Amino acid sequence: MNTPPPGPTGPTGPLWPLWPLWPLALLAALLPLAGTALAFVLSVRLGLIPDCNPFLDGCVSISRAGRHGLPNILFRALLLPAAVLQALCWMLCTPWLHTLGRGATRTARVLPWLGLAAGICLVLYGSFLGTEGEGYRFMRRYGTALYFGLTCIGMLLLAQAVRQAQVHGVALALLLPCAGLPLLGLAHVLLPLVWHDPAAKDVLENVTEWWGGALFTAFFGALAWGWWRTRFRLRPEAAP
């Protein structure tokens, strides 16, 4: 395992301390989780959505849970900074892979752009949430699809790069959330062949959306643990 070099020192000790970066990834996981949970609970109590288990019943989408009133305000207040943090985490994956000996790979060069695009899609989705008309429907259909798709690609690329770096415990933690992605994809493709009811299709889309969000939360949580485990830190540069 690679460890970061010590910071520059002076007569009285370190001049610029090394800042641990794992709290950023942890916040990227917890903020959308907290926003979704708060929006769902408040929407149920306000009678805006039915009281159910969305992971099993598929009674409501994540978007509907945070679409109106106070739940919408809280949801967006936590989702928008989470989008920025997630994009920042993807950008920081490049120097992290460098510390693991995988900094010169194509994956290390692609991840920042994937993360930036995913973050922009999530910001647009959160900005339009609660509005009406074609703009909202467009972002609901394509913005979320792009965010989910780009994040899935980034998850798979990063997990594979860490596995090739032979950081086995961290690689396994990153691969486990990725293992659920093909299962969600298969369910989304195959189950409509059995259930022809349009209402069943909506239920399936809602269930896969909730489970997909849970997998993303688990992945960024695993990334935070991986950054802590490998002691990935940032040293501010001194001004010239």
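Can you list the residues, at least 5 places off or on another chain, whose amide H is less than 5 Å from the amide H of Leu234, using H built in the peptide plane?
Distant-sequence amide H within range of Leu234: Trp19, Leu21.
List the residues whose amide H sits under 5 Å from the amide H of Gly101, counting only those 5 or more places along or on another chain, with H placed 1.01 Å from N in the peptide plane.
Residues meeting the amide H criterion: none.
Tell me, in nm to one decimal, what length is gained between Ile120 and Val44 on full extension, where the rule is 0.36 nm per residue of separation less the Cα-Cα distance?
24.4 nm
Karplus couplings for region 62-73 from phi (6.51 cos²θ - 1.76 cosθ + 1.60, θ = phi - 60°), rounded to Hz, Gly and Pro as x?
Ordered by residue, 3J(HN,Hα) equals 4, 4, 5, 5, x, 9, 10, x, 4, x, 5, 5 Hz.
Among Ala171, Pro95, Phe138, whose Cα projects farthest towards the positive end of the dipole of region 20-231, with charges put on the beta-carbon of Lys, Arg (+1) and Asp, Glu (-1)?
It is Pro95.
Every read-out reported here was derived from the displayed coordinates using simple, explicitly stated rules and does not represent laboratory data. The model shown is predicted, which means the values in this text are computed figures rather than measured ones. We place every Cβ from the backbone using ideal geometry, glycine too, and count neighbours over all the protein chains shown.
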